[in-house]
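The values are calculated or read from the model by the stated rules, or taken from the named source; none is laboratory data. Since we're looking at a predicted model, the values are computed, not measured. Using ideal geometry, Cβ is built from the backbone for each residue, glycine included, and neighbour counts are taken over all protein chains shown. SASA here: full protein model, heavy atoms, side chains in, ligands and nucleic acids out. Shrake-Rupley method; radii C 1.70, N 1.55, O 1.52, S 1.80 Å.
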Amino acid sequence: MDVQELKLQELNEEAFIREQTADIAQAVGDGVAVNALSGGVDSSVVTLLGHQALGERLKTYFVDNGIMREGEPQRVVELFREKNVPVELIDARDEFFDALKGIEDPEEKRQAITDTFYKSVFSRLVKQSGARHLLQGTIFTDVEETVAGIKRQHNILAQLGIDTEQAYGYSVLEPLIRLRKPAVRAVGKALGLPEEVYNRPPFPGPALTARVVGEATRERIELVRKATVITEKELAGVKAFQCMAILHQDRVTGIRDGKREFGNQIEIRCWNTKDAVTATPVRVPWETLEKLAARLTTEVPGVVSVTYHIATKPPSTMEVV
Ligand code: XMP
């Protein structure tokens, strides 16, 4: 791996912002660049860096892939509009669900999302805009884990030997590639992002598909989305790196209104970790879990079982897919 990490303690945020905006401006020249904003800290920082470097010559898109959390696309677009950064919302839900149809294998699901994003949706947007460059928020850890063969992060291309110019018709600029998350957050703060963005708990690139075991259909994503709203609300007071709801593939026998119900299982995970490389489950108070289970089994249709994950990473991973 030939990328050199820039450690938090070596980071001078102002100098970093100056250097990166100058590099972006130089690489793009008098052309146009595009980027995709997901609302996560990485893509938010890239959006502001790119905007500072290029102004209106950066076209920022929010691709609604149908697998985001409740209300997320609209909220993110609005937030950036308030900062005078125009973001175009692209409805690509059908394309993503078509690509995910029938796929159960975790790596194949990730591949389908990657291909739909880069080959279909983004290639089209790039062509339409006339851009030759894509700005992307890849960070050091994404490269590290993908190159180590742990999980294929959806945004890793060049480091896997993919020539984006040849494969997709544009080149990729990655201003955050030398930073780990705490350093990205520091740059985000220095850029004036609101705290809810620069301190946002991580959310995976493959979004809710990382939390559905088996096929990610519209219905199953909708189910885990509902469970996620309730879980994030009920566990908001828990001190954790990340809490999540997962939908299992296996169904189990339950009983409702005196009748047998062959229903769904939701698993709750709540993690403590420093660097996401190793992690331990949080000891969430029992009463909190009971209340969460009661809400999930009454408010999410078809859920008859709620379990809490107590194994460590490794050998688990934090996400389930
Ligand atoms: P894992 O599941 O690899 O997650 O232990 C480590 C941290 O990275 C976040 N994250 C991702 N995880 N695919 C993932 O599986 C992705 O594309 C991705 N992006 C971010 C994950 O939420 C956890 O915080």
Calculate what fraction, in whole %, of the accessible area of the chain sits on carbon and sulfur atoms when a 1.4 Å probe is rolled over the protein chains. 49
Just to confirm my numbers, what's the Cα centroid distance between region 219-273 and region 58-127 in Å? 24
Segment residue 147-residue 262, extension gain: residue separation times 0.36 nm, minus the distance between their alpha carbons: 37.3 nm
Applying a 10 Å radius around every beta-carbon, put 184-192, 104-112 in order of their mean neighbour count, most first. 184-192, 104-112
Listed highest first by mean packing, meaning other Cβ atoms within 10 Å per residue, what order do 113-123, 293-303 come in? 113-123, 293-303
Distance in nm between residue 171 and residue 229 label points, each 7 Å along Cα→Cβ, equals 4.5
Rounded, prolate or oblate: which one fits region 8-198, using the alpha carbon gyration tensor with axes a ≥ b ≥ c (rounded when a/c is under 1.5, else prolate when a/b beats b/c, else oblate)? rounded
How much length is gained if the chain between residue 13 and residue 70 is pulled fully straight, taking 0.36 nm per residue apart and subtracting their Cα-Cα distance, in nm to one decimal? 17.2 nm
What length, rounded to one decimal in nm, is gained on full extension from residue 248 through to residue 5, with 0.36 nm per residue of separation minus their alpha-carbon distance? 83.8 nm
Is the C-alpha gyration tensor of region 154-246 telling us rounded, prolate or oblate? Criteria: a/c under 1.5 is rounded; beyond that, a/b larger than b/c is prolate, otherwise oblate. oblate
In nm, spacing of pseudo-spin labels at residue 199 and residue 98 (7 Å Cα→C-beta vector): 4.3
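What FRET efficiency, computed as 1/(1 + (r/R0)^6) with R0 = 25 Å and r the Cβ-Cβ distance, is obtained for residue 275 and residue 311, rounded to the nearest 0.05?
0.85
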Using only C-alpha atoms and all pairs of different ones, pull out the Kirkwood radius for the chain in Å with one decimal. 20.7
Can you tell me the FRET efficiency between residue 115 and residue 298 if r is taken as the Cβ-Cβ distance and R0 is 45 Å, rounded to the nearest 0.05? 0.70
Express the accessible area of the chain per residue in Å², computed with a 1.4 Å probe while the remaining protein chains stay in the model. 48
Förster-model FRET efficiency, 25 Å R0, residue 105 and residue 222, C-beta, rounded to 0.05: 0.70
Of 59/189; 7/189; 181/239; 233/259; 83/181; 233/313, which sit over 26 Å apart, Cα to Cα? 233/259
The chain, relative contact order in percent, only Cα pairs under 8 angstrom and at least six apart counted: 17
Where is the GNM fluctuation largest for the chain (alpha-carbon springs, 10 angstrom cutoff): 179, 54, 11? 11
